[in-house]
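Remarks on the structure that follows.
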Amino acid sequence: VAAVKGITQVVISRIAMAAPGMILLPILMERLEKFPFMKRIRVLHAPLQVILVGGFLIFMVPVACSLFPQRCSMAVTNLEPQLRDSILTKHGDKVPYVYFNKGL
């Protein structure tokens, strides 16, 4: 259950990180390619796209990483039976929640 929660959050944040570059960049490039200077200098297209993707990522990586807390909590009662039994055997009812790092 903890793995499902962590992986779901990571997938959502990675989609949020990549989506602006994948959605907005083609629209932006299509509009830029209509300008005369872009029609003349075709070699500029690839470097410009790389710079724009880098710009999107510079802003979207921190935003996407901050969508969910890095450290998550989960009630012991929601854990897998084997793990729950192990915790209850060692600590009894003293530990109501466990904490885990969702990773990036």
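The values are calculated or read from the model by the stated rules, or taken from the named source; none is laboratory data. No experiment lies behind these values; they were computed from the predicted model shown. Here the Cβ is made from the backbone with ideal geometry for all residues, glycine too, and neighbour counts use every protein chain on show. Surface areas here come from the heavy atoms of the whole protein model, side chains and all, with no ligands, DNA or RNA. Shrake-Rupley method; radii C 1.70, N 1.55, O 1.52, S 1.80 Å.
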Review point. Can you name the condition, by its number, that Pro69 falls short on among (1) open to solvent by 70 Å² or more (accessible area, probe 1.4 Å); (2) in a helix (DSSP H, G or I); (3) not charged (D, E, K, R)?
Key: (2)
Point to revise | Lone unmet requirement of (1) hydrophobic (A, V, I, L, M, F, W, C); (2) farther than 30 Å from Glu80 by Cα; (3) open to solvent by 70 Å² or more (accessible area, probe 1.4 Å) for Ile12 | key: (2)
**Study point:** Check on Leu88, under 15 Å from the mean Cα position of the chain (by Cα) and part of a helix (DSSP H, G or I)
**Key:** no
Exercise for review: Considering every residue within the range 41-62, establish whether at least one is open to solvent by less than 70 Å² (accessible area, probe 1.4 Å), touching a residue at least 24 places away in the same chain (Cβ under 8 Å) and within 19 Å of Val1 (Cβ to Cβ).
Suggested key: no
Exercise for review: Just name the residue that is farthest from Ala19 (Cα to Cα) out of those in the range 46-78 that are of a type in the set (A, V, I, L, M) and touching a strand residue (DSSP E or B) at 6+ places or on another chain (Cβ under 7 Å).
Suggested key: Val76
Check your understanding: Of all the residues that make up the range 24-40, how many are free of Cβ contacts under 8 Å to residues at least 12 places away in the same chain and either within 30 Å of Thr8 (Cα to Cα) or aromatic (Phe, Trp, Tyr) (or both)?
Key -> 4
**Study point:** Hey, Gly21 without any contact (Cβ under 8 Å) to a residue 24 or more places away in the chain, farther than 22 Å from Tyr99 by Cβ and surrounded by 12 or more Cβ atoms within 10 Å (Cβ to Cβ) or not
**Key:** no
